[in-house]
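The values are calculated or read from the model by the stated rules, or taken from the named source; none is laboratory data. All values derive from a computational prediction rather than experimental measurement. Because the Cβ atoms are built from the backbone with ideal geometry, glycine has one as well, and the counts that use them run over all protein chains shown. Areas reflect the complete protein model, heavy atoms only, side chains present, ligands, DNA and RNA absent. Shrake-Rupley method; radii C 1.70, N 1.55, O 1.52, S 1.80 Å.
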Amino acid sequence: MDRANSKRTALAIALFCASIVTPAFAQCTRECGAGTPTPRPTHTPLPTPTPVLPSCTSDTALCLSEGHFLITATWTKPDGESGSAHAVNLTPDTGYFWFFDPANVEVAIKTLDGCGVNGHYWVFSGGLTNLKVDIAVTDTTTNTTKNYSNTQGTAFQPATDTSAFTSCSALESAFSPNPEGPSDDKAPRFDPSPALLRRDSTSGCVTTDAVFCARGRFEVTAEWQTASGESGAAHAVQLTAEAGYFWFFDPANVELIVKSLDACSLGQGQWFFATGLTKVGVRLVVTDAFTGESRSYDSPLGAAFKPIQDTATFSFCPTPTATPTVTPTMTPTPTQSEPTRTPRAARSATPTPRHTITPTPSPTITATPTITPTPTITPTRTSTPTGSYVTGRVTAFCGSDCTGPPVRGATITVTQGGVVRSTTTDYFGYYSVDGFEPGPATVAAVHSGYLPQLKSVVLVLGHNTVGFVLRPI
């Protein structure tokens with residue numbers, strides 16, 4: 001398909017473009033290795049009304065703009081260990097890379113057709129990491145490569161390269177709109193399914209079109225403003241339980257990627273990271289749905305979005321909701337043991353020595369400490385609300401050397417004593433359930449067409465990860 005043809009809505013232009021053959025997709029097929037098996041992606045791309053995502057995207061390479069650009073990335077730790085980043089397509093123009101955990105988005109990148117603005121293709125990138133990162137973007141029509149990097153130990157600095165490549169055609173230069181401004185086009189090339197804009201939650205918030213809900217607890221909203229004075233609310237899309245993205249003008253054009261991390265196990269509360277692939281004005285607001293606290297972050301109009309790596313966003317660590325309901329089931333245990341440790345005879349004998357002999361108060365004092373163990377239950381109660389929660393991903397079995405597709409809509413049930421909580425996996429197979437105590441529990445995954453699985457685990461305080469690989473029946 002002619003890439004320019006998808007951007008023309010006028011009939012005359014469409015007829016004119018129909019005779020033009022753009023070699024981008026064929027070139028990308030050659031670059032990615034025609035005739036050889038394409039490596040299986042680790043994530044299934046978001047669904048689209050039409051199959052616009054190029055097939056040459058692999059586990060370590062992104063193909064964007066219908067095969068026009070091939071992108072790879074590598075990471076390096078401070079100790080020198082390095083590796084290739086894993087690629088995931090989000091939209092036809094945007095993708096991201098993860099390094100160590102598929103649920104943890106590290107670097108986002110997009111290519112934009114700015115031909116109608118300044119005769120160039122643009123490359124915007126941003127990251128949620130402070131590792132050394134090297135990115136290579138190749139224009140497959142000219143075999144030209146541009147490199148972008150982030151220095152070790154620094155928050156990932158955004159790239160807003162509006163003169164990256166000059167392979168624009170005459171038609172693109174004449175008719176392409178500004179990709180970073182509102183468009184009158186009523187038929188965008190990519191439209192996330194509305195079902196993806198919501199997820200089940202047993203906690204304090206839910207993702208909607210304008211609100212991203214991280215981990216069932218933190219509400220994130222964004223507003224944008226252009227140089228012409230136009231403004232509006234950004235549209236939210238869930239990626240994982242911890243991460244999501246926002247788009248402003250076109251669903252295919254990702255502008256912000258955000259994630260929330262639980263650092264309570266480190267004694268550092270809740271963290272919030274965000275990166276932007278834009279130069280329009282932005283205001284981000286993060287609200288803790290359980291405490292009502294809010295934090296706001298601003299990026300001025302005309303400036304590259306500076307990375308947000310806030311490791312002191314919120315200090316409140318307990319995972320609320322139903323955690324207090326577990327407390328009554330635990331408190332009766334100490335109270336029942338108290339009568340057995342303090343016999344009735346001992347209590348009835350205590351008053352008698354008081355009236356008969358003066359020295360007897362010493363036994364009375366020694367008997368009193370037998371009652372003091374009761375207050376020792378108090379520390380147990382105060383630590384109870386900190387709670388435990390479980391997250392994970394459910395995929396389908398595909399062999400020992402590959403990552404299978406996500407199992408969507410699987411029922412996850414976590415049982416601990418008399419507490420039973422259930423949820424379902426999202427589009428990417430992720431889930432999150434909270435409201436438990438540290439200790440033994442069982443986690444079950446059930447989906448029609450697959451053999452059910454049950455895992456026995458010992459929950460620790462805070463975050464617990466339990467994944468499943470289901471085998472088809």
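Take region 239-259 and flag every residue that is open to solvent by 10 Å² or more (accessible area, probe 1.4 Å) and part of a strand (DSSP E or B). TRP247 - this is the single residue of region 239-259 that is open to solvent by 10 Å² or more (accessible area, probe 1.4 Å) and part of a strand (DSSP E or B).
So is THR311 farther than 16 Å from LEU256 by Cα, touching a residue at least 12 places away in the same chain (Cβ under 8 Å), in a loop (DSSP other than H, G, I, E, B) and not hydrophobic (A, V, I, L, M, F, W, C) or not? Spelling it out, it is not the case that THR311 is farther than 16 Å from LEU256 by Cα, touching a residue at least 12 places away in the same chain (Cβ under 8 Å), in a loop (DSSP other than H, G, I, E, B) and not hydrophobic (A, V, I, L, M, F, W, C).
Pairs, please: C-beta under 7 Å, at least 6 apart or cross-chain, first residue among the acidic types (Asp, Glu) and in region 150-179, second open to solvent by less than 50 Å² (accessible area, probe 1.4 Å)? That search, which allows pairs on different chains as well, returns ASP161/TRP122; ASP161/VAL123; GLU172/ALA4; GLU172/ASP113; GLU172/CYS115; GLU172/GLY116. Here GLY281, GLY204, GLY269 are screened, and the one residue that is over 17 Å from ILE109 (Cα atoms), open to solvent by less than 50 Å² (accessible area, probe 1.4 Å) and at pLDDT below 85 is GLY204. Across region 81-135, the qualifying residues are those that are closer than 19 Å to ALA274 by Cα and among the charged types (D, E, K, R), and the one among them that is least open to solvent (accessible area, probe 1.4 Å) is LYS110. Of the numbered criteria (1) open to solvent by 40 Å² or more (accessible area, probe 1.4 Å); (2) farther than 26 Å from VAL123 by Cβ; (3) not acidic (Asp, Glu), the one PHE218 fails is (1).
Rundown of residues vs (1) polar (S, T, N, Q); (2) open to solvent by less than 30 Å² (accessible area, probe 1.4 Å); (3) modelled with pLDDT of 90 or more, yes/no style:
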| site | (1), (2), (3) |
| --- | --- |
| THR395 | yes, yes, no |
| CYS402 | no, no, no |
| THR413 | yes, no, yes |
| GLN416 | yes, yes, yes |
| PRO438 | no, no, yes |
| THR442 | yes, no, yes |
| PRO452 | no, no, yes |
| VAL458 | no, no, yes |
| LEU470 | no, yes, yes |
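Against the test of being in a strand (DSSP E or B) and either in contact (Cβ under 8 Å) with a residue 60 or more places away in the chain or at positive phi (or both), the options VAL420, VAL433 yield a single qualifying residue, VAL433.
Checked against (1) without any contact (Cβ under 8 Å) to a residue 60 or more places away in the chain; (2) among the small types (Gly, Ala, Ser); (3) assigned to a strand (DSSP E or B), GLY126 passes all but condition (1).
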